[in-house]
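Engineer: Supplied in structure tokens, the structure appears directly below.
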Amino acid sequence: FETCPGRVLCKLPCSGEKEVDLAVQSAKAAFKIWSQMSGMERCRVMLEAARIIREQREEIATLETINNGKSIFEARVDIDISWQCLEYYAGLAGSLAGEHIQLPGGSFGYTRREPLGVCVGIGAWNYPFQIACWKSGPALACGNAMVFKPSPFTPISVVRLAEIFTEAGVPKGLFNVVQGGAATGQFLCQHPDVAKISFTGSVPTGMKIMEMAAKGIKPVTLELGGKSPLIIFSDADLENAVRGALLANFLTQGEVCCNGTRVFVERKILDTFTKEVVKRTQKIKIGDPLLEDTRMGALINRPHLNRVQGFIKQAKEQGAEVLCGGDLYVPDDPKLKNGYYMRPCVLGNCKDDMTCVKEEIFGPVMAILPFDTEEEVVERANATKFGLAGGVFTRDIQKAHRVVAALKAGMCFINNYNVSPVELPFGGYKSSGFGRENGRAAIEYYSQLKTVCVEMGDVESVF
């Protein structure tokens with residue numbers, strides 16, 4: 001393996017309507033077998049898949065780094081989260097159950113938790129392997145089959161996941177991968193034998209998927225964009241808050257939907273905080289993502305790099321000050337000269353109405369904004385169409401809980417940021433989408449309840 005910046009890594013044919021139908025029919029046949037297995041039988045197969053991923057961690061992480069451009073350091077974390085996700089849902093598979101309800105006269109009712117059928121997963125390019133596990137874990141635990149379409153920018157590592165599921169013993173076709181862009185996604189969403197769609201990506205694409213799903217009355221889970229607030233109070237542990245701000249902005253080259261890119265800092269510590277953040281940002285090692293000490297790799301492609309650069313240019317035109325970074329970066333290694341690298345950027349003198357503060361940039365760009373009171377910052381933090389995440393740094397635990405309770409966001413952090421334990425539900429409010437991934441909550445979105453009412457006496461006729 002070696003990184004190939006700016007060059008074609010491989011070519012894959014797009015799946016057309018015929019290929020999509022073959023994948024769905026294959027998954028449908030596998031579903032008949034998988035859904036009839038006990039939860040414990042499914043558990044054992046999923047645990048085997050998790051074991052294979054854990055044992056092949058280094059190989060898969062390397063594949064993911066080449067696939068996406070993120071540092072090998074981060075890719076390893078993604079792969080660890082992936083096998084942990086499958087382990088977690090393997091554990092839940094054997095515990096899925098309904099309930100028994102006693103009714104008058106010895107009659108009773110009960111509920112059954114049943115799978116939906118063939119589920120579609122549509123992934124994003126920032127966490128290709130991890131997102132596929134986040135979607136397939138609960139889907140398979142509940143007894144469903146899945147057809148997964150990765151982003152055309154990162155098509156490779158999900159194919160390895162499909163091979164791993166097969167090696168682990170799932171029925172042939174239970175986890176199918178189709179490749180392609182919008183047209184392939186449309187064939188999936190409109191297929192009559194698809195029971196549910198789970199999508200991670202942009203708001204405009206999420207809206208289109210929702211429209212297509214509505215025509216078939218298909219349930220959807222949407223994990224969309226964000227412009228999340230990170231609130232730093234003056235009583236916070238400064239060192240911890242600085243680390244949190246860097247984690248909230250520069251993981252995966254800033255290409256993270258829940259990043260806390262609006263950093264609100266209480267005015268009395270604004271200068272101290274800003275100075276330290278800039279100092280630390282300038283020390284971030286950029287370069288070959290396969291090197292152990294690299295902490296920031298390349299952005300996903302040239303158009304996206306140009307788009308991020310455009311946001312920075314517009315920010316300067318609107319009065320923001322570039323405190324560091326924002327320019328293109330050319331590594332010393334000649335083989336990396338065509339890579340899509342830029343220096344992480346910190347913007348000062350930002351105002352709430354600036355485009356860089358209102359719109360999701362999806363790159364390594366942090367906007368710092370001062371605030372004076374708790375009431376003021378909560379109002380400003382919520383003044384956005386998004387609602388994916390939010391963070392608070394303070395030593396005052398009452399204030400911390402008070403503020404996160406007031407934030408209109410689905411995933412909130414106190415004195416940390418961008419941690420994703422698979423045990424906790426993940427998802428957004430408002431335009432950031434709905435439905436939840438991870439945790440027990442995801443089970444609700446990959447299963448349906450059947451109610452059975454049993455009469456133990458004679459039917460009382462009213463006719």
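Rundown of residues vs (1) more than 21 Å from residue 428 (Cα to Cα); (2) out of contact with any helix residue (DSSP H, G or I) (no Cβ under 7 Å at 6 or more places or on another chain), yes/no style:
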| site | (1), (2) |
| --- | --- |
| 217 | yes, yes |
| 224 | no, no |
| 232 | yes, no |
| 245 | no, no |
| 252 | no, no |
| 256 | no, yes |
| 261 | no, no |
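Engineer: Just for segment 349-373: of the residues that are over 28 Å from the mean Cα position of the chain (by Cα) and touching a residue at least 40 places away in the same chain (Cβ under 8 Å), which one is surrounded by the fewest Cβ atoms within 10 Å (Cβ to Cβ)?
Structural biologist: 372
Engineer: What number of residues within segment 333-352 are closer than 22 Å to residue 284 by Cα and assigned to a loop (DSSP other than H, G, I, E, B)?
Structural biologist: Initial filter on segment 333-352 (closer than 22 Å to residue 284 by Cα): 333-348.
Still in the running and assigned to a loop (DSSP other than H, G, I, E, B): 333, 337-341, 343-344.
So the answer is 8.
Engineer: List every residue pair whose Cβ atoms lie under 8 Å apart, where the two residues are 6 or more positions apart in sequence or sit on different chains, the first residue falls within segment 438-456 and is in contact (Cβ under 8 Å) with a residue 24 or more places away in the chain, and the second residue, located anywhere, is assigned to a loop (DSSP other than H, G, I, E, B) and among the basic types (Lys, Arg).
Structural biologist: The qualifying pairs are 442/436; 445/436.
Engineer: Related question: For segment 176-199, name all the residues that are within 21 Å of residue 436 (Cβ to Cβ) and in contact with a Phe, Trp or Tyr (Cβ under 8 Å, 6 or more places away or on another chain).
Structural biologist: Just the residues of segment 176-199 that are within 21 Å of residue 436 (Cβ to Cβ), to begin with: 189, 194-199.
The answer is 196, 198.
Engineer: Open to solvent by less than 30 Å² (accessible area, probe 1.4 Å), in a loop (DSSP other than H, G, I, E, B) and of a type in the set (A, V, I, L, M, F, W, C): does that describe residue 422? Write out each step before concluding.
Structural biologist: Numbers: open to solvent by less than 30 Å² (accessible area, probe 1.4 Å): yes; in a loop (DSSP other than H, G, I, E, B): yes; of a type in the set (A, V, I, L, M, F, W, C): yes.
The answer is yes for residue 422.
Engineer: Just to confirm my filter: which strands (runs of 3 or more DSSP E) fall fully inside segment 153-240 and include at least 1 residues that are open to solvent by less than 20 Å² (accessible area, probe 1.4 Å) and closer than 19 Å to residue 21 by Cα?
Structural biologist: On the way: elements: 175-177, 194-200, 220-223, 229-232.
Filter on segment 153-240 gives 175-177, 194-200.
Engineer: Mind checking which residues of segment 99-129 are closer than 23 Å to residue 193 by Cα, hydrophobic (A, V, I, L, M, F, W, C) and open to solvent by less than 30 Å² (accessible area, probe 1.4 Å)?
Structural biologist: Once the filter is applied, which keeps residues that are closer than 23 Å to residue 193 by Cα, hydrophobic (A, V, I, L, M, F, W, C) and open to solvent by less than 30 Å² (accessible area, probe 1.4 Å), segment 99-129 yields 118, 119, 120, 122.
Engineer: When residue 329 is evaluated against the numbered criteria (1) aromatic (Phe, Trp, Tyr); (2) open to solvent by 20 Å² or more (accessible area, probe 1.4 Å); (3) over 28 Å from residue 202 (Cα atoms), which criterion, by number, is the only one it fails?
Structural biologist: Checking residue 329 against (1) aromatic (Phe, Trp, Tyr); (2) open to solvent by 20 Å² or more (accessible area, probe 1.4 Å); (3) over 28 Å from residue 202 (Cα atoms), the one that fails is (3).
Engineer: I've got another one for you. Looking at segment 306-332 only, could you name the residues that are modelled with pLDDT of 95 or more and part of a loop (DSSP other than H, G, I, E, B)? Can you show your working first?
Structural biologist: Of all residues in segment 306-332, those modelled with pLDDT of 95 or more come to 306-329.
Matches in segment 306-332: 318, 319, 320, 325, 326, 327, 329.
Engineer: Yes or no: segment 413-432 includes at least one residue that is of a type in the set (Val, Ile, Thr), out of contact with any helix residue (DSSP H, G or I) (no Cβ under 6 Å at 6 or more places or on another chain), within 29 Å of residue 270 (Cα to Cα) and not assigned by the TED database to the domain that holds residue 110.
Structural biologist: First, the residues of segment 413-432 that are of a type in the set (Val, Ile, Thr): 414, 419, 422.
Checking the rest, the ones that are also out of contact with any helix residue (DSSP H, G or I) (no Cβ under 6 Å at 6 or more places or on another chain) come to 419.
Next, from what is left, pick out any that are within 29 Å of residue 270 (Cα to Cα): 419.
From what's left, not assigned by the TED database to the domain that holds residue 110: 419.
The answer is yes, given that some residue of segment 413-432 is of a type in the set (Val, Ile, Thr), out of contact with any helix residue (DSSP H, G or I) (no Cβ under 6 Å at 6 or more places or on another chain), within 29 Å of residue 270 (Cα to Cα) and not assigned by the TED database to the domain that holds residue 110.
Engineer: Hey, can you tell me all the residues within segment 391-443 that are within 18 Å of the chain's Cα centre (by Cα) and among the acidic types (Asp, Glu)? Step through it out loud before you land on a result.
Structural biologist: Going residue by residue through segment 391-443, those that are within 18 Å of the chain's Cα centre (by Cα) are 391, 409-413, 416-443.
423, 437, listed by residue number.
Engineer: Quick check, is residue 43 out of contact with any strand residue (DSSP E or B) (no Cβ under 6 Å at 6 or more places or on another chain) and modelled with pLDDT under 95? Give the derivation first.
Structural biologist: On the way: out of contact with any strand residue (DSSP E or B) (no Cβ under 6 Å at 6 or more places or on another chain): yes; modelled with pLDDT under 95: no.
It is false that residue 43 is out of contact with any strand residue (DSSP E or B) (no Cβ under 6 Å at 6 or more places or on another chain) and modelled with pLDDT under 95.
Engineer: Residues to consider are 87, 114; find the one that is in contact with a strand residue (DSSP E or B) (Cβ under 6 Å, 6 or more places away or on another chain) and not basic (Lys, Arg). Lay out the reasoning, then the answer.
Structural biologist: Values: 87 fails: in contact with a strand residue (DSSP E or B) (Cβ under 6 Å, 6 or more places away or on another chain).
Just a single option satisfies the conditions, and that option is 114.
Engineer: Could you check segment 52-85 and list, in sequence order, the residues that are assigned to a helix (DSSP H, G or I), charged (D, E, K, R) and crowded, with 24+ Cβ neighbours inside 10 Å?
Structural biologist: Result: 64, 78.
Engineer: Somewhere in segment 397-414, is a residue touching a residue at least 60 places away in the same chain (Cβ under 8 Å), open to solvent by 50 Å² or more (accessible area, probe 1.4 Å) and not hydroxyl-bearing (Ser, Thr, Tyr)?
Structural biologist: No - not one qualifying residue is present in segment 397-414.
Engineer: Quick one: in segment 1-34, which of the residues that are in contact with a Lys or Arg (Cβ under 9 Å, 6 or more places away or on another chain) and not in a helix (DSSP H, G or I) is nearest to residue 163 (Cα to Cα)?
Structural biologist: Checking each candidate, the answer is 15.
The values are calculated or read from the model by the stated rules, or taken from the named source; none is laboratory data. Please read these numbers as outputs of a predicted model, since none were measured by experiment. Positions of Cβ are generated from backbone atoms using ideal geometry, with glycine treated the same way; all protein chains shown enter the neighbour counts. In case anyone asks, the SASA skips ligands and DNA or RNA and just uses the protein heavy atoms, side chains included. Shrake-Rupley method; radii C 1.70, N 1.55, O 1.52, S 1.80 Å.
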